[in-house]
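The values are calculated or read from the model by the stated rules, or taken from the named source; none is laboratory data. The structure displayed is predicted, hence computed values, not measured ones. When we count neighbours, we look across all protein chains shown, and the Cβ atoms used for this are built from the backbone with ideal geometry, even at glycine.
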Amino acid sequence: MAPRRLTLGQVFALMMIGLALLLAVLFTVLLEGSRRSIIQAADSLRTAAGRRIEDRVTAHLAPAQQALQALEREIRSGAVDPADPRSLEAALYSRVLNTPNLEELTLTRARRAGFDAEGALVRERAGREQLSVYRVLDGDAEGGRLVTRKVFPEGLRWRVALRDRPPGTGLLETPLRVLPPPGADPTEELTFTTPASRRLYGDEVWSDLHWSDLEKDPAHRRAVVTVMKALEDARGEFVGVARAGLLTEQLDEVSRLRVTDAADDPHRIFLADGQGRLITRVGPADRLEEQPDDSVRVVPASLPPEIGAALRHPGLREVGEEKRTASGAATIDGHRYLLTFLALPQTQGWRVGVVAPEGFYLRDLARMRQWLLGLSLAVIAAILGAGALTLRAVRRGLAQVVETTARIQNFDFAPAQARSPFADLQAVLVRLELAKTAMRAMGRYVPIDLVRLLYRTGREPVLGGEILDVTLLFTDIKDFTSLSEQLSPNELARVLGQYLQVMTAAIHSTHGTIDKYIGDAIMAVWNTPTPCPDHTQRACAAALACREAEQTLYASPEWEGRPPLHTRFGIHRDRVMVGHFGAPDRMSFTALGDGVNLASRLEGLNKQYGTTILVSEAVREDAKEAFAFRLVDVVAVKGRTRGVRVYELLGRAEASADRGRERAYERALERYWARDFAGALAILEAQPADPPSHVLAERARVLAANPPPAEWDGVYVARAK
């Protein structure tokens with residue numbers, strides 16, 4: 001017994017599977033694994049950078065906390081008497097003087113009478129006062145000059161006094177100068193009422209970035225961040241609210257920090273709030289602008305697109321007290337950027353953002369990719385080299401298979417010679433040729449559109465149908481029986497084949513489907529199995545095309561001078577049952593219903609009226625814009641009791657032929673129905689060459705001689721098919 005051998009397809013499939021698996025393993029393990037590791041490391045790198053920025057921001061805010069805590073200790077210990085203006089001013093002055101980035105230190109004094117129902121501090125009228133020492137950076141001296149500002153009551157008004165020290169002067173060398181504009185009660189400000197409330201009493205409360213309210217000169221106005229706290233003395237008595245403000249220029253330095261030691265470090269760092277508004281500058285031309293909520297934010301002169309994408313990213317809004325960090329990605333102009341966000345404590349919802357292009361982290365993969373590509377090419381070369389002889393030999397056979405299947409897909413079932421040196425390919429080609437033979441045979445017995453539908457859907461035909469709106473056409477040859485008696489069977493088959501060939505081509509040219517051939521007659525249908533919205537117009541065009549095609553055939557040498565045939569047509573549009581009918585093992589795709597019978601009867605009526613193409617009123621109504629018709633009669637065809645309007649298709653509407661005869665016929669028909677038989681005869685006898693006029697004239701003469709009963713409605717009852 002001969003050993004079982006692998007087929008060529010099996011060998012080729014195993015080779016391809018091996019190649020695909022090898023490449024998949026190489027690329028997946030080396031590239032994807034490395035990429036994930038690098039991206040994870042990059043995420044950790046950006047998170048670490050964010051932590052460093054968090055530490056720097058915390059360190060920047062620390063002097064305000066330290067100044068506030070030192071003032072609290074001095075008041076609690078009695079080293080500073082808040083009721084003594086000089087002692088308090090000296091303490092404030094010393095802290096601001098020795099803390100370069102401290103913008104102000106303020107104590108707003110009041111006496112506590114308790115808390116109201118809403119938790120707000122209730123203050124006594126006496127003892128209210130505010131003393132501040134703040135820094136003015138005017139460029140005249142290093143570190144600026146220190147100004148004391150005192151707000152105090154004077155009767156029912158509040159006054160403001162300044163000790164504006166020139167550079168180089170001491171604490172009390174400059175006297176206080178009372179300003180003309182009145183002041184306002186400082187204990188009514190939010191910077192007092194918020195930290196003095198029951199809910200926040202004794203806690204350090206941080207403000208958002210805002211303009212300093214101590215320096216009123218726009219030229220010296222600075223953006224600050226303040227920390228506030230309600231203070232008590234050694235006896236636990238409420239003293240007031242202390243406030244320390246910091247200059248924020250150093251915050252902009254975080255955007256210039258380097259994340260890596262690379263000379264081309266592309267990381268972009270910024271501070272923003274949860275609404276995506278910048279707190280730090282990203283360019284030298286950026287400016288500060290006050291927002292509707294009184295906070296101050298950076299308005300960039302030119303926002304880098306990667307920072308803009310980060311400010312819009314959902315991750316910026318996700319971070320907070322519960323979720324401290326978040327990561328994400330954004331694609332800008334085809335380049336992918338990696339994003340990291342961290343929430344900053346001790347701030348009003350500030351976030352740190354770190355942005356970097358993904359390509360910066362993955363560029364070291366280029367060498368690995370080249371190495372992997374070289375290895376892959378070597379593997380491919382080895383596999384292809386081993387199979388080169390096999391592939392060369394099978395190429396022709398595969399080309400035949402591809403060409404044959406492509407032709408089948410395009411419904412080209414022309415026969416071809418199947419040749420291949422391999423048995424399995426030869427078997428495939430032979431089976432394809434057998435399939436083409438079966439398809440050619442099927443196309444001769446059933447509509448080709450139905451063959452396409454069954455082929456493309458892969459469905460088995462089953463008995464049953466559906467109600468569809470279709471247009472049906474029936475044709476028949478006048479006196480074909482006499483012609484068949486004059487010809488031999490073979491000659492009759494050849495002549496009939498020539499005739500049906502041109503008729504079929506004309507019907508197919510309008511996307512009609514041949515339902516069946518009934519001897520010399522044809523049944524055709526439109527709008528199934530291929531839908532077409534203008535199927536009624538197509539059927540009318542098909543009838544005219546058939547008439548032209550048969551005239552061309554009769555004038556051709558192939559007709560061999562035989563007498564021309566005369567074809568009659570009947571067209572009707574209706575909803576009928578369309579589907580597969582017959583026995584389970586032998587069925588036919590056709591249409592059934594009263595509408596089919598009416599179309600057939602319309603074709604038969606041509607014999608009685610001497611016409612060529614008769615259509616129903618449904619056809620005329622749908623196609624009257626494109627074709628010309630004339631009303632022939634109202635007929636109750638055989639098998640029906642109700643009359644239908646029957647029209648003759650004259651041609652296309654745009655044809656310039658005179659339709660006077662047909663219009664005269666319709667006028668005579670109107671008089672005929674009105675029982676004016678004499679008037680109808682007068683019109684009809686003037687049209688002796690018109691067969692329908694002759695038929696109607698004969699009826700008018702009979703009815704004129706024998707008037708119909710009163711219930712006569714003008715409907716002609718056809719006695720024959």
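Going by the conditions given, is A285 among the aliphatic types (A, V, I, L, M) and either touching a helix residue (DSSP H, G or I) at 6+ places or on another chain (Cβ under 7 Å) or assigned by TED's automatic domain parsing to the domain that holds L190 (or both)?
So A285 does not fit the description; no.
Checking the structure you have, find out if any residue of segment 51-70 is more than 26 Å from V354 (Cβ to Cβ), over 60 Å from the mean Cα position of the chain (by Cα) and not small (G, A, S).
Taking every residue of segment 51-70 in turn, none turns out to be more than 26 Å from V354 (Cβ to Cβ), over 60 Å from the mean Cα position of the chain (by Cα) and not small (G, A, S).
Could you please tell me which pairs satisfy a Cβ distance under 8 Å, a separation of 6+ or placement on different chains, a first residue in segment 692-721 that is touching a residue at least 40 places away in the same chain (Cβ under 8 Å), and a second residue that is part of a loop (DSSP other than H, G, I, E, B) and among the hydroxyl-bearing types (S, T, Y)?
P692/T611
Does S295 count as under 30 Å from L121 (Cα atoms), of a type in the set (G, A, S) and surrounded by 15 or more Cβ atoms within 10 Å (Cβ to Cβ)?
Yes; evaluated as a whole, the condition is true for this residue.
I'm told T248 meets every condition in (1) modelled with pLDDT of 85 or more; (2) crowded, with 18+ Cβ neighbours inside 10 Å; (3) over 41 Å from the mean Cα position of the chain (by Cα) except one. Can you identify the failing condition by its number?
For T248, the failing item is (1).
Note down all Cβ pairs under 6 Å where the first residue falls in segment 576-603 and is part of a strand (DSSP E or B), the second is charged (D, E, K, R) and surrounded by 15 or more Cβ atoms within 10 Å (Cβ to Cβ), and they're at least six residues apart or on different chains.
T590/D515
If a residue has to be of a type outside the set (D, E), at pLDDT 90 or above, within 30 Å of N597 (Cβ to Cβ) and not in a strand (DSSP E or B) to count, how many in segment 644-675 make the cut?
Final tally of qualifying residues: 5.
Residues of segment 676-713 being part of a loop (DSSP other than H, G, I, E, B) and either assigned by TED's automatic domain parsing to the domain that holds G643 or surrounded by 15 or more Cβ atoms within 10 Å (Cβ to Cβ) (or both), which ones?
D676, Q687, D690
Say whether the condition of being crowded, with 18+ Cβ neighbours inside 10 Å, hydroxyl-bearing (S, T, Y) and assigned by TED's automatic domain parsing to the domain that holds K229 is met by at least one residue in segment 102-123.
Yes, because at least one residue in segment 102-123 is crowded, with 18+ Cβ neighbours inside 10 Å, hydroxyl-bearing (S, T, Y) and assigned by TED's automatic domain parsing to the domain that holds K229.
Please enumerate the residues belonging to segment 482-499 that are part of a helix (DSSP H, G or I), among the small types (G, A, S) and over 15 Å from A549 (Cα atoms).
Of everything in segment 482-499, those that are part of a helix (DSSP H, G or I), among the small types (G, A, S) and over 15 Å from A549 (Cα atoms) turn out to be S482, S484, A493.
Take the residues in segment 604-643 that are in a loop (DSSP other than H, G, I, E, B) and among the hydrophobic types (A, V, I, L, M, F, W, C), then tell me which one is surrounded by the fewest Cβ atoms within 10 Å (Cβ to Cβ).
Filtering segment 604-643 for residues that are in a loop (DSSP other than H, G, I, E, B) and among the hydrophobic types (A, V, I, L, M, F, W, C), the one surrounded by the fewest Cβ atoms within 10 Å (Cβ to Cβ) comes out as A626.
Working only within segment 73-93, note down all residues that are crowded, with 18+ Cβ neighbours inside 10 Å and either touching a Ser or Thr at 6+ places or on another chain (Cβ under 9 Å) or not in a loop (DSSP other than H, G, I, E, B) (or both).
Scanning segment 73-93 gives E74, I75, V80, L88, E89, A91, L92, Y93.
Consider only pairs whose beta carbons are under 8 Å apart and that are at least six residues apart or on different chains; among these, list those whose first residue lies in segment 418-429 and is over 20 Å from R4 (Cα atoms) and part of a loop (DSSP other than H, G, I, E, B) and whose second residue is modelled with pLDDT of 70 or more and acidic (D, E).
If the second residue must be modelled with pLDDT of 70 or more and acidic (D, E), the pairs left are A418/E433.
Determine, yes or no, whether L631 is modelled with pLDDT under 95, in the same structural domain as T611 (by TED's automatic domain parsing), in contact with a strand residue (DSSP E or B) (Cβ under 8 Å, 6 or more places away or on another chain) and closer than 28 Å to R547 by Cα.
Answer is no for this residue.
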